[in-house]
Amino acid sequence: MKMSDLEPANVEMRYKIQPRKSDTEQALAGNDFDPFALRDNPHPTTDSETLTHLLKASLGTGILGMPFAFMCSGLVMGIFATILTAFICTHCSYVLVKCGHKLYYRTRRTKMTFAEIAESAFQKGPKWCRGFAPVAKFSILFGLFLTYFGTCSVYTVIVASNFEQLISHWTGSPVSLRMLICIMLVPLILIAWVPNLKYLAPVSMVANVFMGLGLGITFYYLVQDLPSVEERDSVVWSTLPQFFSITIFAMEAIGVVMPLENNMKTPRSFLGICGVLSQGMSGVTLIYMLLGFLGYLRYGSKTGESITLNLPIEEWPAQTVKVLISLAVYCTFGLQFFVCLEILWDGIKEKCKKRPTLVNYVLRTVLVTAAVVLAVAVPTIGPFMGLIGAFCFSILGLIFPVVIELIVHWESGFGKYNWILWKNAVITLCGIGALVFGTQAAIKDIVKAYSSNENVGE
């Protein structure tokens, strides 16, 4: 028999199209390693608890700026642009977790952080990118820590500022903002001492209740004496970039995605059309659109940068909104703080095996104290954090996940017509746009804040 007689059969077998298998089926074919079955979490979170955390992470103080964002885009454009922004942010989170699941099998690890996923992707990727693995890991860790530690300081200022306004209104005399920030040190340390995400879930639930009640009262004000839709702009092009910069940084929660997935009892449930991520972001998107639409429709060109600025401070329901949102932000502090704690603790826990629990709680106390000291030293830190957030969230939340996806798929290909490559090129352009316009808006806020302070001083 000649070799040529076997060639057609070999060719047919080689190029025979097989039905696509799931990532898990492909990985387990000839491999008994299952990272999800072997994952050991002493205090795993359920799907509902994870959903609660995700909602709290996405429904932060940024939602209060959505009416102003709709003023920058117009009513009709705002609806479609919000859906587009939510889709991109959710997709990037989905891509990050999906790549993590693929790398679990390649590295035989049961869980990874955002930075570890980037490091492993570069290490397992093509030769030209392997040397960048340490740089990728450090960049993500530094960016996440800088952003979320600064967020903790900003949250401290937000809570203290709201109570300062209320106390000044009730007493008729000014109150020191720095003194109120110092008073918050003990309550913040207490919430930072909650040991893990499992026990932090009820706190996030309480925060969601407070935020829900606050938004409910806000909606009550928004539906009073609504004008005709025709009186408001439907489409605004000139300030549309500002809309995207506000919305992206309000919705983005890339820093908490992997900690939530790593602590899940059923991590496969995080993804999928009806997964925890899709459910959470769908609800968040609807609330963002509704508040933005009604807020701009109600107040028009007078819409404030935060919708609470439009509420009448002399009325007790409006005062209640400030109290509820302040309490919601306080309860959210623990979730934002967890990202910072995890980054530092992962770096030192191998050196603290004698008394790990004591060292862990000392680290928590020191971190909270440092955040409060920063807030006391620079109460106007908010605009600076806008600049850091614009830089970090655009790169971490949009650009890094798609870069990781490209490297993970480098050997297996980018799909038919290289659709993954083209899709990621578009998202990268969106990330660059968010970086440029977000940075521009943040610099304007910094100039505005310090110009106001100089005028007050004169």
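Please list, in order, the residues from region 394-425 whose amide nitrogen is less than 16 Å from a point placed 7 Å along the Cα→Cβ vector of residue 127.
411
Expressed as a rounded percentage, what relative contact order does the chain have, with Cα pairs under 8 Å and six or more residues apart?
32 percent
Take the Cβ-Cβ distance between residue 209 and residue 41 as r, set R0 to 22 Å, and report the resulting FRET efficiency rounded to the nearest 0.05.
The formula returns an efficiency of 0.25 here.
Over the chain, give the accessible area per residue in Å² for a 1.4 Å probe, as an integer.
For the chain, the solvent-accessible area averages 49 Å² per residue.
Amide H neighbours of residue 45 under 5 Å, counting only residues 5+ apart in sequence or on other chains, H built in-plane at 1.01 Å?
264, 265
Region 168-288: Rg/Rh from Cα coordinates, Kirkwood Rh?
That ratio is 1.05, to two decimals.
Given the Cα-Cα distance of residue 436 and residue 266 and 0.36 nm per residue of separation, how much length would full extension add, in nm?
57.3 nm
With label points built 7 Å along Cα→Cβ from the Cα atoms of residue 230 and residue 377, find their separation and express it in nm.
Inter-label distance under the simple model: 5.8 nm.
Go ahead and run the numbers for FRET between residue 451 and residue 353, Cβ-Cβ distance against an R0 of 60 Å, rounding to 0.05.
0.70
First compute the accessible area of region 43-451 with a 1.4 Å probe, then give the percent of it belonging to carbon and sulfur atoms.
69 percent
Can you show me the helix-derived [θ] at 222 nm for the chain, built from DSSP H runs with n ≥ 4 at -39,500 (n - 2.57) apiece and divided by the number of residues, rounded to the nearest 500.
The per-residue figure over the chain is -24000 deg cm²/dmol.
So who's got an amide H within less than 5 Å of the one on residue 304, skipping anything under 5 residues away but keeping other chains? H placed 1.01 Å off N, in plane.
For residue 304, whose amide H was placed from the backbone, the distant partners under 5 Å are 310.
Can you compute the modelled spin-label distance between residue 273 and residue 315, with each label point 7 Å from Cα toward Cβ, in nm?
Computed distance between label sites residue 273 and residue 315 equals 4.4 nm.
What is the Å³ per residue value for the convex hull set by the Cα atoms of region 43-451?
Once divided by residue count, the hull of region 43-451 is 149 Å³.
Which helices count as membrane-span-like in the chain under these terms: full DSSP H, at least 18 Å along the axis by C-alpha, Kyte-Doolittle mean of -0.5 or more?
Membrane-span-like by this criterion, though nothing is claimed about a membrane: 75-107, 133-171, 197-222, 276-299, 316-348, 356-377, 419-457.
With a/c under 1.5 counting as rounded, go ahead and sort region 304-458 into rounded, prolate or oblate using the C-alpha gyration tensor (a ≥ b ≥ c being the square roots of the eigenvalues; past the cut-off, prolate if a/b is larger than b/c, else oblate).
Cα axes put region 304-458 in the oblate bin.
Which order do 189, 183 take when ranked by solvent-accessible area (1.4 Å probe, heavy atoms of all protein chains), largest first?
Putting 189, 183 in descending order of accessible area: 183, 189.
Debye sum, Cα scatterers, region 132-178, no solvent: what log₁₀ I/I(0) at q = 0.29, 0.32 1/Å?
Debye output, listed in q order: -0.94, -1.02.
Roughly speaking, what is the stretch gain from residue 176 to residue 443, that is 0.36 nm per residue apart minus the C-alpha to C-alpha distance, in nm to one decimal?
Once the chain is fully extended between residue 176 and residue 443, it gains 93.4 nm.
The values are calculated or read from the model by the stated rules, or taken from the named source; none is laboratory data. No experiment lies behind these values; they were computed from the predicted model shown. Quick reminder, even Gly has a Cβ in these numbers, built from the backbone with ideal geometry, and neighbours come from all protein chains shown. Side chains included, ligands, DNA and RNA excluded: accessible areas come from the protein's heavy atoms. Shrake-Rupley method; radii C 1.70, N 1.55, O 1.52, S 1.80 Å.
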